[in-house]
Each structure stands twice: as structure tokens, then as C-alpha cells.
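For reference, the structure is listed below as C-alpha cells.
Any read-out appearing in this document is the output of simple, stated calculations on the displayed coordinates, not a laboratory observation. Bear in mind that the values here come from a model prediction, so they are computed numbers and not experimental data. When we count neighbours, we look across all protein chains shown, and the Cβ atoms used for this are built from the backbone with ideal geometry, even at glycine.
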Amino acid sequence: MAAIHYSRGATVRDNNPETMTAATFEDFAEAVLTDRAKAKGLQYIAAPFKVNGDGKTHRCKEGVLASAFIALDLDGFAEPEDWHATIAVRQKSQGFAYSTYSSKPNAPRARVVLAASRSMERAERLRVSKALERWLEKEVGDGCIVFDDSVYKAEQPLFTPPEQAEVYR
């Protein structure tokens, strides 16, 4: 697998994120999982963005570059056990997951980041993410997972783990 190119913003309002590169998906996972947020709404990752005439990247749909990872934002589960089933299924793919600020033991919430076999443009990433959602529902159970599909858009911020996050590799 080739290097993973991504961007990292400092806060939810940071529309000029820094372009980052990890040599491998494992290095990417390590970078994201150790970049712990001290408060909600701080640092995030997203797809990389092209540099505009002003010398800056701009987090917008028109500036998105191809990326070799897919993100899922799991906003809830029908039963807490469905989270454990989701983790078991997720382990069939190369990736990592972590609990979010809103996660509670009886109401888990999480983000999942999976390696793609190659870089994908925004439109393809949207299609593949939706297909992945359908596959995961089939594996865990229809209606067992509440998905926030906004993160299927490559420009959407995906917040890094909070300091107290549970991590799954």
C-alpha cells in the first residue's frame, strides 16, 4: 500500500488544514490515534486538499484530492452489543476505531477508519462508503447501527480521538 495523504485541521473552524503524509496505513493509524483531543471540536483529519493560488489549502468540496481511507461515524446502536458485533466485523478489514466524546457504556458511539486498496476521488469514495454501510448493516443487522453519512464526504472533518477514547485496532 502506498503512502496515505490526508489533512489535519486544528479546530472545527480551521478551513485551511495542513497536508500530512504517512508512509503506510499503520503509520497513519498511529498518527491519528495518538493525536488525542483535550476537548470536543478540536483537531480533525480529512482527505487532502489542493493548494490554491493563495498558497493555502481550503477545506471545500472543490478542493478535495483523492484519498486512500474511508471513514464511518457510528452515532448509535440499537443495543450496546451491536457495537461489539460491529467491532468484530470491522476486524475483517485493515483499519481502526475509537470511541467519541458522546460515547457512553450503555450508548456507544464511535468512528471507524478503514484502509482503501487505492486512492479514490470524492465521488467514488461516497459510493464506496455507502456500499460499506450497507455491507456492515447486513453483517451486524439491519437497523442496528445509526450512521452519520456526512463523513462520507471527503472534505468533512473527522475528529481525532478524545483523550479518554477506547481504541480498537
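Average projection, convex hull of the Cα set of the chain: 9.0 square nanometres. In whole angstrom, the range 74-133 maps to an equivalent ellipsoid with semi-axes of 24, 12, 10, each derived as √(5λ) from the alpha carbon gyration tensor and ordered largest first.
Straight-line cross-link reach from Lys50 at under 26 Å between alpha-carbon atoms covers these lysines, not counting any fewer than eight positions away in the same chain: Lys61, Lys130, Lys153. Remark: spin-label model distance Lys61-Asn15 equals 1.5 nm, labels positioned 7 Å along the Cα→Cβ axis. Placing +1 on each Lys and Arg Cβ and -1 on each Asp and Glu Cβ, with no other charges, gives the chain a dipole about its Cα centre of roughly 360 debye. Entry for the range 44-144 at q = 0.13, 0.14, 0.15, 0.16 Å⁻¹: log10 I(q)/I(0) = -0.54, -0.61, -0.68, -0.75, Debye formula applied to identical alpha-carbon scatterers, no solvent contribution.
Please compute the Kirkwood hydrodynamic radius of the range 1-96 from all pairs of different C-alpha atoms, in Å with one decimal. It would help to have the intermediate numbers written out before the result.
Working: mean 1/r = 0.0663 Å⁻¹.
The Cα-based Kirkwood calculation yields 15.1 Å.
The protection proxy used here, the mean number of other Cβ atoms lying within 10 Å of each residue, ranks peptides 63-73, 21-31 as follows, highest first: 63-73, 21-31. Using the rule -39500 (n - 2.57) for each DSSP H run of four or more residues, divided by the residues of the chain, the 222 nm mean residue ellipticity is -7500 deg cm²/dmol.
Return the equivalent ellipsoid semi-axes of the range 94-169 as a descending list in whole Å, where each equals the square root of 5 times an eigenvalue of the C-alpha gyration tensor.
Ellipsoid half-lengths, sorted descending, are 21, 16, 12 Å.
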